[in-house]
There are 2 protein chains.
Amino acid sequence: MVTLAEVAQHAGVSASTVSYVLSGKRSISVNTRQRVERSIRELGYHPNAGARALASSRSNIIALMIPLRTDMYVPVMMEIAIAVATTARTHGYDVLLLTGEEGPDAVRRVAGSGLADGMILMDVELDDERLPLLRETDRPAVLIGLPADTTGLTCVDLDFKATGALCVEHLAKRGHHDIAVIGEAPAVYERHTGFAERTLDGLRARARELGLRLLHRPCEGGYDAMAVTLARILDERPGTTGFVVQNESAVEPLLALLRQQGRAVPEDVSVVAICPEQVAVQASVRLTSVAVPAQEMGRLAVEQLVAKLDGRGGDEVVLIAPELTVRASSGPAPAQ
Amino acid sequence: MVTLAEVAQHAGVSASTVSYVLSGKRSISVNTRQRVERSIRELGYHPNAGARALASSRSNIIALMIPLRTDMYVPVMMEIAIAVATTARTHGYDVLLLTGEEGPDAVRRVAGSGLADGMILMDVELDDERLPLLRETDRPAVLIGLPADTTGLTCVDLDFKATGALCVEHLAKRGHHDIAVIGEAPAVYERHTGFAERTLDGLRARARELGLRLLHRPCEGGYDAMAVTLARILDERPGTTGFVVQNESAVEPLLALLRQQGRAVPEDVSVVAICPEQVAVQASVRLTSVAVPAQEMGRLAVEQLVAKLDGRGGDEVVLIAPELTVRASSGPAPAQ
DNA sequence: GAAAGCTGTCGAAGCGCTTCGACAGCCTAT
DNA sequence: ATAGGCTGTCGAAGCGCTTCGACAGCTTTC
């Protein structure tokens, strides 16, 4: 391995000069800079990460924690993770992938060992057990999701409450009075995952304001579970004509079941989904939906974290405004 | 931050002794060990990762490269990534997540900087541009997937050729003579991704041996693309009664279209899928399928890599034998 | 009872980098 | 002309750990 010292010798300068060329922390004459850069290229020099981390107490790594709960919709997570990794690179950081397996102690380990300069936590529960640990370390962190108590924390998330409201409004405008909400798997609610509950809050609040009836049912997803759930809903509220679906794996089953029962979408019933764009577009009926902006969430989280690492910006809750895209699964708005 | 020296002082021993307690590389008396361990606990000591990496030239990190091609089926990738991360932890390694954005140079950067001790490459093409770079570094690596030339490389993958053969055999036994293969998106074949071509080889070879007719069509996935593809297939080979699907996002559309056309599954046509277990089980018709063992691939890759890092084991191609699970989408075997 | 071999511990060197203070040489303002 | 300020470079200290050789104090062996 080529070292700084070898580059310095090759370029006929001191080691510190090479270091300053690399970091740009002191001014260097054009001449010297070019000589050094040339040596770096010719020798194929790469700074040693460990040495750098030791000397500067900065690893240029950010940790990304994805607690692995199998009931979570995985592709969204993946999309976020990828966005985090690529955005991090544009700021000179690499990303360390931590799964839930290790439990909350991973926070302590990573912070304590200086492995990562900061961390991003995904899939945050309302009362997440990682938060106390996070608060006791000094490392900057950003949450993707919203816990119950956000004091002293930086969070990035879709505004799920507004999302819920938006869905209800849309259906109300289409003239629907009885609305059913197909939610995430029961376990998601039992865990008190923020986004699910906040969506529900938004749905309920706006439904009340607009005088609509709202029925919420968690659903495991898949055909069998969806069939049972739908039967129960229609049994309890036969007049249901509006559906809000917040469960990736229930979308297609729902459409198939409705079709099978002779309920045409969007003529008889309207469906609004909260899901990634791609799912909405690829479904058998192109779905009116509020997109879950996974990429943007990942990107924003990194940018918030980098800002904190640079000593800029403080604690902040960044909520992304939802956008509803009308497609083929909800009827046309009645003429005004 | 607590340092080794502070632990040593607290325990009344030298720094090297603490180091040996930690690494177990020299024998330590029970008494001393316990004193040291107690100090470690009381002070909340975590070894500094950078210092460790510098002194030992081992980072205890493995890099996982996921080139981001949007036409790839993402959830499988995610599952592999998660399996890699958790398995790595059980061997004392952390995982660095690299995306394709950075290009093949990432290999050089990571190897050159000593950031990672070894790497795992996913989504390997037959003639992957990362391979030359990989061969010129000395860092151990494991590929998930199979390139054209595997000399000097360790690879882990499902035996896709055998998988193809298995699917054809299954359909042959069910009495199907005209078989259509719904493949991955065209881009996947244009890229010469190993798994897609190997599956096709297996399908074709066995079909020839068994005297079946085989029609292969790539497909983008989604309803519209699938509708076009299916129409063309049935136009060209109206007698097609067996389908092999190797494209996640074409599965459900295919089932819906067949249903819509009055072709009953499995009475009129049989469908065999090559996909993750979960997809097969959650489909509207429970699918006879060969599972893509994402978790096992991730696990095996890490284990191969760790073996190499420990100086055990050499270059090896590990092919996982495919297993076909009969479910509801293929007819009963005819009585013998 | 001397030689040889263990076992458990220590001291010191060094891994490759960053960063601080020093300072030579030059320019500007008085 | 002289003090003061820049600019560009260097030397040296030190980040926290691993690891090598040394060695004191034992036990074993013939």
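When only alpha carbons are used to place a centre, region A:116-132 and region B:244-281 end up 40 Å from one another.
Note on chain B: dipole from Cβ charges, positive end direction compared against B:VAL271, B:VAL181, B:ILE66; the farthest Cα belongs to B:ILE66. Here the dipole of region B:50-146 is about 520 debye; that uses its Cα centre as origin and unit charges on the Cβ of Lys and Arg (positive) and Asp and Glu (negative). Label-point spacing for A:GLU101 across the identical copies (point 7 Å from Cα in the Cβ direction), in nm and ascending order: 2.6.
Going by how many other beta carbons lie within 10 Å of each one, how would you line up B:SER113, B:SER59, B:SER27, fewest first?
Working: B:SER113 20, B:SER59 27, B:SER27 7.
Neighbour counts put them in this order, fewest first: B:SER27, B:SER113, B:SER59.
Ordered by the count of other Cβ atoms within 10 Å of each Cβ, fewest first, A:LYS173, A:LYS308 give A:LYS173, A:LYS308.
For A:LYS161, the lysines whose Cα falls under 28 Å of its own Cα, not counting residues fewer than eight places away in the same chain, are A:LYS173, A:LYS308. Of the trypsin sites (Lys or Arg not before Pro) found in region A:25-91, those in coil by DSSP whose Cβ has at most 11 other Cβ atoms within 10 Å are A:LYS25, A:ARG26. Evaluated with a Cβ-only charge set (Lys, Arg +1; Asp, Glu -1), chain A carries a dipole of roughly 1080 debye about its Cα centre, given to the nearest 20. Label sites at B:ASP310 and A:THR325, each approximated as a point 7 angstrom past Cα along Cα to Cβ, lie 4.9 nm apart. The distance linking region B:214-236 with region A:154-171 is 38 Å (Cα centroid to Cα centroid, whole angstrom).
The overall shape of chain B is prolate: from the C-alpha gyration tensor, with semi-axes ordered a ≥ b ≥ c, the ratio a/c is 1.5 or greater and a/b exceeds b/c.
Classified by the C-alpha gyration tensor, region A:160-291 has a rounded form. Its axis ratio a/c, with a ≥ b ≥ c, is below 1.5. If only the Cβ of Lys and Arg carry +1 and only the Cβ of Asp and Glu carry -1, the dipole of region B:179-236 around its Cα centre is close to 260 debye. With neighbours defined as other Cβ atoms within 10 Å of a residue's Cβ, the residues A:LEU203, B:LEU43 order from fewest to most as B:LEU43, A:LEU203. Placing unit charges on each Cβ (+1 for Lys and Arg, -1 for Asp and Glu) gives chain A a dipole about its Cα centre, and among A:THR199, A:THR86, A:GLY114 the Cα reaching farthest toward its positive end belongs to A:THR86. Across the identical copies, the 7 Å label point of A:ARG312, projected outward along Cα→Cβ, sits 4.9 nm from its counterparts, in ascending order. Based on Cα atoms of region A:4-47, Rg over Rh with Rh as the Kirkwood radius reads 0.90.
Projecting the Cα atoms of A:VAL7, B:CYS219, B:GLY313 onto the charge dipole of the protein assembly as shown, computed from C-beta unit charges around the Cα centre, puts A:VAL7 farthest toward the positive end. In percent, rounded to a whole number, the relative contact order of region B:4-47 is 41, using alpha-carbon pairs under 8 Å and six or more apart.
Is region B:1-133 best put as rounded, prolate or oblate by its Cα gyration tensor, with a ≥ b ≥ c the root eigenvalues, rounded for a/c under 1.5, and otherwise prolate when a/b is larger than b/c, oblate when not? Here region B:1-133 falls in the prolate category. Helix B:160-173 against the longest principal axis of chain B: what's the angle in degrees, Cα atoms only, rounded to the nearest 10? The answer is roughly 30 degrees.
Considering helices alone, the calculated mean residue ellipticity of chain A at 222 nm is -14000 deg cm²/dmol, with DSSP H runs of length four and up weighted by -39500 (n - 2.57) and normalised per residue. Label-to-label distances for A:THR3 across copies, nearest first, come out at 2.0 nm, using points 7 Å from Cα in the beta-carbon direction. Taking one equal scatterer on every alpha-carbon of the protein assembly as shown, how large is log10 of I(q)/I(0) by Debye at q = 0.05, 0.07, 0.09 1/Å? Each listed q corresponds, in turn, to -0.28, -0.54, -0.87. If the segment from A:LYS25 to A:ARG208 were pulled out straight at 0.36 nm per residue, it would be longer than the present Cα-Cα gap by 60.0 nm.
Can you pull out the GluC sites (Glu not before Pro) in region A:256-336 that DSSP calls coil and that have at most 16 other Cβ atoms within 10 Å?
Details: sites: A:GLU267, A:GLU277, A:GLU296, A:GLU303, A:GLU316, A:GLU323; in loops: A:GLU267, A:GLU316, A:GLU323.
Passing sites in region A:256-336 are A:GLU267, A:GLU316, A:GLU323.
Any read-out appearing in this document is the output of simple, stated calculations on the displayed coordinates, not a laboratory observation. Model, not experiment: these values are computed from the prediction. Reconstructed Cβ throughout: ideal geometry from the backbone, glycine too, with neighbour counts over all protein chains shown.
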